[in-house]
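> The structure is given below, and queries will be raised subsequently.
The values are calculated or read from the model by the stated rules, or taken from the named source; none is laboratory data. These numbers come from a predicted model, not from an experiment. Ideal geometry is used to build each Cβ from the backbone, glycine not excepted, and the neighbour counts take in all protein chains shown.
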């Protein structure tokens, strides 16, 4: 190593104090990574993350960087750790879960042990995703049911429904409504109190899923329930 290079190289405290992993699970490395120490710009580009993301992982103790002058660089071991971290993040694992996994991997005494820890984490994540998918499916079904219910409510009554849905008194009231009688005149004609006639009209409007008496009359005419 050249003397100037030695003088320019500094190691972060985290690099000196963080326990090293003897074994890491197999994780794909980007093809365009340079060999040896990797500058932060190349690290970010290769893994498709921002410099800020790499700094965040450093703050969480997942990776660490050294410096050559003003340039931050990552050792091959940190590149391998980043490959594992990136695979976990793409699987949707939380940072806290990744921290626990990386801590457990420090104790791995063989490649097989490291692979087993990684596989267990993936199996756990798969169960979580299955539960999330089940919840999403249930919520989608609820939304579909609500939309179907609204669509059904928006549809006018058919002939069979209208015949069974309206009482004789409601049919007489509807005929008077279609004839243009006011609520007060309908009340007198049917020998009802005004508030009873209003309730009768409201019930008819509701049964036709209308917003007012005019919509109810129009739907009734279209269905042939009344004639004008």
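> What's the number of the only condition in (1) at pLDDT 80 or above; (2) surrounded by fewer than 16 Cβ atoms within 10 Å (Cβ to Cβ); (3) part of a loop (DSSP other than H, G, I, E, B); (4) touching a helix residue (DSSP H, G or I) at 6+ places or on another chain (Cβ under 8 Å) that residue 191 fails to meet?
Only one criterion in (1) at pLDDT 80 or above; (2) surrounded by fewer than 16 Cβ atoms within 10 Å (Cβ to Cβ); (3) part of a loop (DSSP other than H, G, I, E, B); (4) touching a helix residue (DSSP H, G or I) at 6+ places or on another chain (Cβ under 8 Å) is unmet by residue 191, namely (4).
> Scanning region 91-136 for residues that are outside any helix (DSSP H, G or I) and without any contact (Cβ under 8 Å) to a residue 24 or more places away in the chain, which turns out farthest from the chain's Cα centre (by Cα)?
Among those residues, the one meeting the criterion is 107.
> Is it true that residue 34 is closer than 15 Å to residue 80 by Cα, touching a helix residue (DSSP H, G or I) at 6+ places or on another chain (Cβ under 8 Å), in the same structural domain as residue 98 (by TED's automatic domain parsing) and modelled with pLDDT under 90?
On the way: closer than 15 Å to residue 80 by Cα: yes; touching a helix residue (DSSP H, G or I) at 6+ places or on another chain (Cβ under 8 Å): yes; in the same structural domain as residue 98 (by TED's automatic domain parsing): yes; modelled with pLDDT under 90: yes.
Against the criterion (closer than 15 Å to residue 80 by Cα, touching a helix residue (DSSP H, G or I) at 6+ places or on another chain (Cβ under 8 Å), in the same structural domain as residue 98 (by TED's automatic domain parsing) and modelled with pLDDT under 90), residue 34 qualifies.
> Hey, does region 105-113 have a residue that's in contact with a helix residue (DSSP H, G or I) (Cβ under 9 Å, 6 or more places away or on another chain) and more than 18 Å from residue 26 (Cα to Cα)?
No: zero hits.
> Right, next: Mind checking whether some residue in region 138-147 is modelled with pLDDT under 90 and surrounded by 14 or more Cβ atoms within 10 Å (Cβ to Cβ)?
no
> Restricting to region 50-90, count the residues that are part of a loop (DSSP other than H, G, I, E, B) and either free of Cβ contacts under 8 Å to residues at least 12 places away in the same chain or farther than 25 Å from residue 124 by Cα (or both).
6
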